[in-house]
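See structure below.
The values are calculated or read from the model by the stated rules, or taken from the named source; none is laboratory data. Quick caveat: nothing in here was measured; it's all calculated off a predicted structure. Cβ placement follows ideal geometry from the backbone for every residue including glycine, while neighbour counts extend to all protein chains displayed.
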Amino acid sequence: MASLPDIKAEPIHELTPEELGAWRGLLRVHSALVKALDAELLAAHDLPLTSYEVLINLQAAPGQRRRMAELADGVLLSRSGMTRLVDRLERDGLLERDACTDDGRGTYAVLTEKGEACLARARPTHLDGVRERFLRHFAPDELEQMAAWWDRALPGAAAVADLSRSD
């Protein structure tokens with residue numbers, strides 16, 4: 001029986017308590033916020049947070065339309081996940097699909113009047129939830145610093161110019 005080669009493993013450099021606290025804190029806060037905001041929108045408007053994100057992205061886009069691939073990137077879903085979600089939103093009349101005239105393979109998702117009305121009802125609930133559950137814990141200068149940190153970790157992460165009303 002052959003023996004396994006002697007492989008020298010690189011030493012594992014554990015996270016420091018400060019690093020671990022920052023990392024776990026980010027993950028826990030994000031998870032708790034998403035769950036709470038989703039539950040609020042579902043209870044008040046029967047609208048999941050992911051659906052809200054699609055509608056708000058469409059509302060802020062030029063002509064209230066975006067290519068499906070861009071929309072998936074904007075709301076952090078896989079393309080297949082986006083397709084399933086758009087199927088549901090289209091079935092509910094909140095958006096419609098429109099073929100791309102410049103690219104026969106591409107499809108736009110377009111916000112409908114019903115989707116606009118749904119968003120108008122849900123928006124105050126969502127904004128109040130974001131303020132109450134997250135923003136109120138920080139001073140304006142701390143929020144500005146936090147945005148700078150997100151941009152340092154991922155350039156453009158805190159950009160607001162691309163979708164002026166995205167939240």
Read through the list (1) of a type outside the set (Gly, Ala, Ser); (2) at pLDDT 85 or above; (3) more than 15 Å from His126 (Cα to Cα); (4) in a loop (DSSP other than H, G, I, E, B), then give the number of the only condition that Leu20 fails.
-> (4)
For segment 103-120, indicate whether the set of residues that are aliphatic (A, V, I, L, M), in a helix (DSSP H, G or I) and closer than 30 Å to Met146 by Cα is non-empty.
-> yes
For segment 36-56, name all the residues that are over 14 Å from the mean Cα position of the chain (by Cα), surrounded by fewer than 19 Cβ atoms within 10 Å (Cβ to Cβ) and either small (Gly, Ala, Ser) or not in a helix (DSSP H, G or I) (or both).
-> Ala36, Ala39, Ala43, Ala44, Asp46
Do you know which residues across segment 106-149 are surrounded by 15 or more Cβ atoms within 10 Å (Cβ to Cβ) and of a type in the set (Phe, Trp, Tyr)?
-> Tyr108, Phe134
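Please verify whether segment 23-35 includes one or more residues that are surrounded by 13 or more Cβ atoms within 10 Å (Cβ to Cβ) and not in a loop (DSSP other than H, G, I, E, B).
Taking segment 23-35 as the starting set, the residues that turn out to be surrounded by 13 or more Cβ atoms within 10 Å (Cβ to Cβ) are 29, 33.
Now restrict to residues that are not in a loop (DSSP other than H, G, I, E, B): 29, 33.
Yes.
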Members of segment 68-97 found to be crowded, with 16+ Cβ neighbours inside 10 Å, in contact with a strand residue (DSSP E or B) (Cβ under 7 Å, 6 or more places away or on another chain) and not in a helix (DSSP H, G or I), listed by number = Leu95, Glu96
Tell me which of these Pro155 doesn't satisfy, since it passes every other one: (1) closer than 22 Å to Pro62 by Cβ; (2) assigned to a loop (DSSP other than H, G, I, E, B); (3) under 17 Å from the mean Cα position of the chain (by Cα).
-> (1)
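Does segment 57-66 hold any residues that are among the aliphatic types (A, V, I, L, M) and part of a helix (DSSP H, G or I), and which are they?
First, the residues of segment 57-66 that are among the aliphatic types (A, V, I, L, M): 58, 60-61.
Listed by number, the residues that qualify are Leu58, Ala60.
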